[in-house]
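The values are calculated or read from the model by the stated rules, or taken from the named source; none is laboratory data. Bear in mind that the values here come from a model prediction, so they are computed numbers and not experimental data. No Cβ is skipped: glycine too gets one built from the backbone with ideal geometry, and neighbour counts run over all protein chains shown. Ligands, DNA and RNA are stripped out before the accessible areas are found, and what is left, the full protein with its side chains, is counted by its heavy atoms. Shrake-Rupley method; radii C 1.70, N 1.55, O 1.52, S 1.80 Å.
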Amino acid sequence: MDDMSRNPSSQGTAKEGAGVFKEQDEEARFIWNLRPRTLDEYIGQREVVESLVIALTAARNRGEPIDHILFHGPPGLGKTTLAHIIAGEMQSRIIHTAGPALEKPVDIVGILSNLDTGEVLFIDEIHRLSRTIEEYLYSAMEDFEVNFIYGKGAFARTLPYQLKHFTLVGATTRAGLLTPPLRDRFGMIYHLDYYAPEELARVVKRSARILGVHLDEEGSMEIARRSRGTPRIANRLLRRVRDYAEVTADGKITQALADEALTREGVDRAGLDRLDRLYLTTILENYRGGPVGVEALAATLNEETNTLVDVVEPFLLKMGFVIRTPAGRRVGEPARAHLGYAAEGGGQQRLL
Ligand code: ADE
């Protein structure tokens, strides 16, 4: 799940980003306000950005709406930001909703029938749409038409309703859960990958500039290395380190200060937080290093399975800290070394 709370469906131009927050969530607002508004300002995901520049330029030159776009990848990498940038670049309104918020046919038909030509419908967590809603989207995406069904059983009739040529932008952390008919209706499908530390350092330097925070080169790299490859986390950590710098020092962020602040926050040198470490030590201590099924692990940790699969595991998998096997999850050698456990075969005892 995306960790910014949002209205089930909010509207606004990409410029405003208005109405996006369910409540006054300080941190979410802070991060939202730092987001890039144009592709020029956007750091990282070079191939995705280059491809989008071509598609947007071609669509604008032809005076046509841009094709439907699907973004998939772990949370916090910029799927929502890109959807808003696309609307901004097309100077269009964006309607922002999420899969679980669309319960009844009237929810989706109401939104679709109010879209004007070129407007963007952004559906976050699109893998969580119900089957019925998904079926409405098939004809809407392909033929810009929805079929109202009225009456029941043998007397049921369908009434086609013509829609304007809108653009659907979908986002998901789980592309594998999308049904092939839905996936096939997107003209462009992009995977967002974790950012390199150098890219994240540029992200935090940009944010620090906007906020007027003094951050030196090494300080930005320290925050970047500890941000799990994720800009949203980088900006969140910047906020924590800024607080620490203002209260305990002169407000200037150096490497030593960032290190101290982040260690206090429970974010270690590899960027793992308490839940990451608990996840790994639970497999090591309770399940002899694995394999263990994710449901059993979630029950032991008292966490939702989806949180583990969508939020915790992707980065640990990327780092080789955890390995997925048909029999379940196993702790990888790099995690043992990082946490100070003996190599596999040498028992589970902690070395440090
Ligand atoms: N803030 C968050 N993500 C960003 C990105 N990809 N580029 C620039 N600033 C960002």
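In this structure the amide hydrogen of PHE148, modeled in the peptide plane, comes within under 5 Å of the amide hydrogens of LEU159, TYR161, none closer than 5 places in sequence on its chain. Over the C-alpha trace of the chain, radius of gyration and Dmax come out as 22.5, 76 angstrom. With θ taken as phi - 60° and the Karplus curve 6.51 cos²θ - 1.76 cosθ + 1.60 applied, the whole-hertz 3J(HN,Hα) list for segment 153-165 is x, 5, 9, 5, 10, 10, 10, x, 10, 7, 9, 7, 7 Hz, x standing for glycine and proline. Using a simple spin-label model with pseudo-atoms 7 Å out from Cα toward Cβ, SER130 and LEU278 lie 3.4 nm apart.
Restricting to DSSP H runs of at least four residues, report the calculated mean residue ellipticity at 222 nm for the chain, -39500 (n - 2.57) per run over all residues, nearest 500 deg cm²/dmol. Walk me through the numbers on the way to the answer.
Numbers: 14 runs with 148 residues, N = 352.
When only DSSP H runs of four or more count, the value is -12500 deg cm²/dmol.
The string of couplings for segment 328-343 from the Karplus curve (6.51, -1.76, 1.60, θ = phi - 60°) is x, 8, 10, 7, x, 3, x, 6, 4, 5, 5, 8, x, 9, 5, 4 Hz, one whole number per residue in order, with x for Gly and Pro.
For ILE253, the residues whose amide H sits under 5 Å from its own are HIS214, LEU215, ASP216, ignoring neighbours fewer than 5 places away on the same chain, with H placed 1.01 Å from N.
At an R0 of 41 angstrom, the distance between the Cβ atoms of ALA154 and ASN114 translates into a FRET efficiency of 0.80. How large is the accessible surface of GLU313 in square angstrom, using a 1.4 angstrom probe and rounding to the nearest 10? Probe radius 1.4 Å; accessible area of GLU313 about 0 Å². Under 5 Å between amide hydrogens, built in the peptide plane, is the criterion, and for GLU119 it picks out THR167 among residues at least 5 positions away or on other chains. Projecting the Cα atoms of ILE69, GLY219, THR38 onto the charge dipole of the chain, computed from C-beta unit charges around the Cα centre, puts ILE69 farthest toward the positive end.
Just to confirm a number: summing +1 for Lys and Arg and -1 for Asp and Glu over residues other than LEU301 whose beta-carbon lies under 14 angstrom from that of LEU301, what do you get? Local charge sum for LEU301: -4.
What does a probe at ASP250 reach in segment 186-226, counting residues whose amide N is under 15 Å from the point 7 Å along Cα→Cβ? Taking a point 7 Å out along Cα→Cβ of ASP250, the residues of segment 186-226 whose backbone N falls under 15 Å are 214-216.
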